[in-house]
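> The structure under discussion is supplied below as structure tokens; questions concerning it will follow.
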Amino acid sequence: MPSPRLAYDEMLEPSGAPRAHCRQYYDWLREQPAEHLARKRAEADALFHRVGITFAVYGETAGTERLIPFDIVPRILPAEEWALLEQGLKQRVRALNAFIADIYHEQRILRAGRIPPEQILCNPQYRPEMQGLDLPGGIYAHISGIDVVRDDAGRFCVLEDNLRVPSGVSYMLENRKMMMRLFPELFARDAIEPVEHYPDVLHENLRSVAPDGVTDPTVVLLTPGAYNSAYFEHAFLAQQMGIELVEGQDLFVRDAVLYMRTTQGPERVDVVYRRLDDDFLDPLSFRPESTLGVPGLLTAYRAGHVSIANAIGTGVADDKSVYPYVPEMVRFYLGEEPLLANVPTWVLRRADDRAYVLAHLEELVVKEVHGAGGYGMLIGPAASRAQLEEFRARIAAHPERYIAQPTLALSTSPTLVAAGLAPRHIDLRPFVLSGREVTVVPGGLTRVALREGSLVVNSSQGGGTKDTWVLGAAPPVALAAV
Amino acid sequence: MLSRTADHLYWMSRYLERAVNLARMIDAHQRLALLPRSPDAVLQGWQATLVSLGLDDAYRERHGSVTARRAFDFVAFDREHPGSILQCLRAARENARAVRGTITSDMWETLNTTYLESLSFGASMPESGRGEFLEWVKYRAHLTRGITSGTLLRDEALHFTNIGTFLERADNTTRMLEARWRDPGGRGERLVEEASEWAVLLRAMSAFEMFRRLYRDSVTPQRVTEMLLMRDDLPQGVHRCLDELQANLAAVANQHSRETLRRAGELHAQFHFGRFADLCAEGVTTFLDRFQARLRDLGQRIANDFLVPSGTG
């Protein structure tokens, strides 16, 4: 797959010299013998297997578990750059929460004509059940995973907002633990911002959105079960927060109150951190065949007896067809200019956009509005003639189902591959937590496309992960001083 | 504690305990094979073991007639039937995985490593490695128990883990006795043969030294049986298991569990206040069969009271 332009490298200048903030690490890295790095990588694999940080692969023999490949070369961000990114992320998530609250109340933004109402109200992610419901703190997206990439100039821009059940934070935490175990000497030397307080912030936020009048709330994490691909993360977060990991069968609703079944009888539940899509939450209200959810949960929720994070109906704001309007949301609700730009996006339901896209299909990336995980996507420069024709036909039939974006170069980072160190494309998913305040733990999940030239970082499509270092504001201690 | 969590803990420890006791049973056969026995006696011994384990039908369906090698493979390695050692280790790990947030990471990593290592064992392994496999199973179980007692909070989690362990162990000990009693070879023509065959059982159960300390007398079927049933100070002993079962059940008692506790107490009283000769008046195997049925009843009641509560109450 060709990289159309020379990509921005996170660690190296175009000249090949290390960027200033990476110099210390890069010098160290170059001194490491290849066998040493290979041994460290094997050690990481063995540890991940033992700890069971694996994911189930759908469609393969039952019990097949795989590791998400972990690259031992970190992605490093300097303090100043992170500070800007952090501000931009907080701003964006504030606006998104304000937007969802508005949509489920007065719908001012629609009446102001900033977004076509049918875009929102006819969207399957819009949940009429939520209309008029007041939530504690007015927060809908308590946990947001905002995918950011660099454009050719090296500026961060947002590729996608994940406001339903964003996953991957356990890899951020486990990758860090792994790096500290493999290379403690690097942490002793560089001032790297810690990330391990994430579960504490999350737990505090979840407690803070308990229904009114509950002083010591019981929080649970609702998982689809041990065979879900993200089960490790669910179990991990529940353990880190010291809360019960529950499945739908462990919960029941009586008189609009949610309980869990314990060995000592029913126990009331106040806050549900759910890792289950809206559709599966309550078979009485959504998909009737779902056995993963809890019958009557929506009733308890609407009665204000239980809080759910993220709220039901947040998908209305992270749909790809709504994404182009997020900068407008920032202006509308916050009266500010967006600090983080969107990737330029053509909305194919618009005739002008469609005409342009159809004329330039082989240069662009076309995405399904409701697609996720890198499925249902056309990467123009890499597509065969047949694939291009197929998408042309699909777009003609249902233009409203697609958006298009330029083929981004995505930045690269040196990555340990079979042949040694080589540049591979990466993105970044920082996690933004909204409670009494909005918090971003300094770091995130860096995903890396391990195949040469590939721009697809999804783990289901051959992607791996890296540790993400945000350097402390203090200048790192010089080597000689250690 | 969530009922489902308790259920997983209970089965995690039951499966682990079963795995190690299966290893001990096979180990007994490996040791018996070293004694001067007729080939028929060896096969009858395996047949008795399969019957005691309730696996004789499943075995016959798969393999037909009994051979020592196939019986070993069936009990140790067969991944198709849930009663093999490898499948028990897998089930223990799957249950642990479902509650990895409740147990300590040391416990989880140990059970997970046990499972991952178990993948390298199978029927294709050479004869010489088989003894090592059985030792490995025992060692991994010892390790897991040690880590459990060394790291798990003394709360409900430990109680349900213990309930699973001791219910299973009480059952397994009686099955090991039963297999020996059903084995015609176990009642040798000459006293010396009988003694050495029952000594094999003691060694497989790591109880030989304890027998010597407690009896200072020759090994006889009656003495071994009495020791393994009646001693309340022997960790493998049924009496001891019932002590533990009763104590742990009492610690988690809820509003439904009164009758279960009563039955556990009643069963315990047989061993605590009863006489060995009276218990086995109608024959040892008859007594063991009845005892196992009462344990099954207890297991069912524990499930109903704590692990899978029905309704919304």
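Since every read-out is calculated from the coordinates, none of them should be taken as a lab result. Bear in mind that the values here come from a model prediction, so they are computed numbers and not experimental data. Counting neighbours? That spans all protein chains shown, and the Cβs are built from the backbone with ideal geometry, glycine included.
> For residue A:43 and residue A:17, FRET efficiency with R0 = 35 Å and r from the beta-carbon atoms, rounded to 0.05? Mind showing how you got there, number by number?
Values: r = 30 Å, r/R0 = 0.87.
The computed FRET efficiency comes out at 0.70.
> Still on this structure: Using alpha-carbon positions, what is the distance between the centroids of segment A:429-443 and segment B:19-37, in Å?
59
> Still on this structure: P(r) of segment B:3-307 in 20 Å steps, Cα pairs, percent per bin?
Over segment B:3-307, the share of Cα pairs per 20 Å bin runs 33, 59, 7 percent.
> Ignoring the sites themselves, what is the longest stretch of chain B with no GluC sites (Glu not before Pro) in a DSSP loop and at most 11 other beta-carbon atoms within 10 Å?
B:81-188
> While we're looking at this one, here's another question. Figure the gain on full extension for residue B:250 and residue B:155 (residue separation times 0.36 nm, minus the Cα-Cα span) and round it to one decimal in nm. Let's see the in-between values first.
Values: separation 95, 0.36 × 95 = 34.20 nm, distance 1.26 nm.
Additional length available on full extension: 32.9 nm.
> Moving on. When A:99, A:391 are ordered from fewest to most other Cβ atoms inside 10 Å of their Cβ, what list results?
Ascending Cβ contact count within 10 Å gives the list A:391, A:99.
> Per residue of the protein assembly as shown, what 222 nm ellipticity follows from adding -39500 (n - 2.57) for every DSSP H run with n ≥ 4, rounded to the nearest 500?
Values: 30 runs with 369 residues, N = 795.
Computed ellipticity for the protein assembly as shown at 222 nm equals -14500 deg cm²/dmol.
> Between residue B:33 and residue A:421, take the C-beta separation as r, use R0 = 56 Å, and let me know the FRET efficiency to the nearest 0.05.
Values: r = 57 Å, r/R0 = 1.02.
Efficiency at R0 = 56 Å is approximately 0.45.
> If you don't mind, there's one more thing I want to ask. Provide the FRET efficiency to the nearest 0.05 for the residue A:187-residue B:263 pair, computing r from the beta carbons and using R0 = 35 Å.
So the FRET efficiency works out to roughly 0.05.
> Taking neighbour Cβ counts within 10 Å as the exposure measure, how do A:100, A:395 sort from fewest upward?
Placing the least packed residue first, the sequence is A:395, A:100.
> In nm, to one decimal, how far is the modelled label at residue B:233 from the one at residue A:437, with both set 7 Å along Cα→Cβ?
According to this spin-label approximation, the distance is 6.4 nm.
> Compute the Rg/Rh shape ratio of segment B:3-144: radius of gyration over Kirkwood radius, all on alpha-carbon atoms.
Taking Rh as the inverse mean 1/r over Cα pairs, Rg/Rh reads 1.01.
> Evaluate the distance, in nm, between pseudo-label points positioned 7 Å from the Cα of residue A:400 and of residue B:62 along their respective Cα→Cβ axes.
5.8
> Using a 7 Å offset from the Cα along the Cα-to-Cβ direction at both residue B:222 and residue A:153, what is the distance between the two label points in nm, to one decimal?
9.8
> Which is the longest part of chain A that has none of the GluC sites (Glu not before Pro) sitting in a DSSP loop with at most 16 other Cβ atoms within 10 Å?
After excluding every exposed loop site, the longest remaining stretch is A:337-436.
> Hey, for a label at residue B:117 modelled as a point 7 Å past Cα toward Cβ, could you say which residues of segment A:33-57 have their backbone N under 20 Å away?
What the label zone holds, given the 20 Å backbone N cut-off, is A:43-53.
> Oh, and also: Where in segment A:186-290 are there chymotrypsin sites (Phe, Trp or Tyr not before Pro) that are in a DSSP coil and have at most 14 other Cβ atoms within 10 angstrom of their Cβ?
Within segment A:186-290, the qualifying chymotrypsin sites (Phe, Trp or Tyr not before Pro) (loop, at most 14 other Cβ atoms within 10 Å) are A:227.
> So who's got an amide H within less than 5 Å of the one on residue A:415, skipping anything under 5 residues away but keeping other chains? H placed 1.01 Å off N, in plane.
For residue A:415, the qualifying residues are A:422, A:424.
> Which part of segment A:386-411 falls in the paramagnetic zone of residue A:122, meaning amide N under 18 Å from the point 7 Å along Cα-to-beta-carbon?
Only A:395-403 pass the distance filter.
> Ok, one more. Okay, which of segment A:6-36 sit inside 18 Å, backbone N to the point 7 Å along the Cα-Cβ direction of residue A:382?
So the set is A:6-8.
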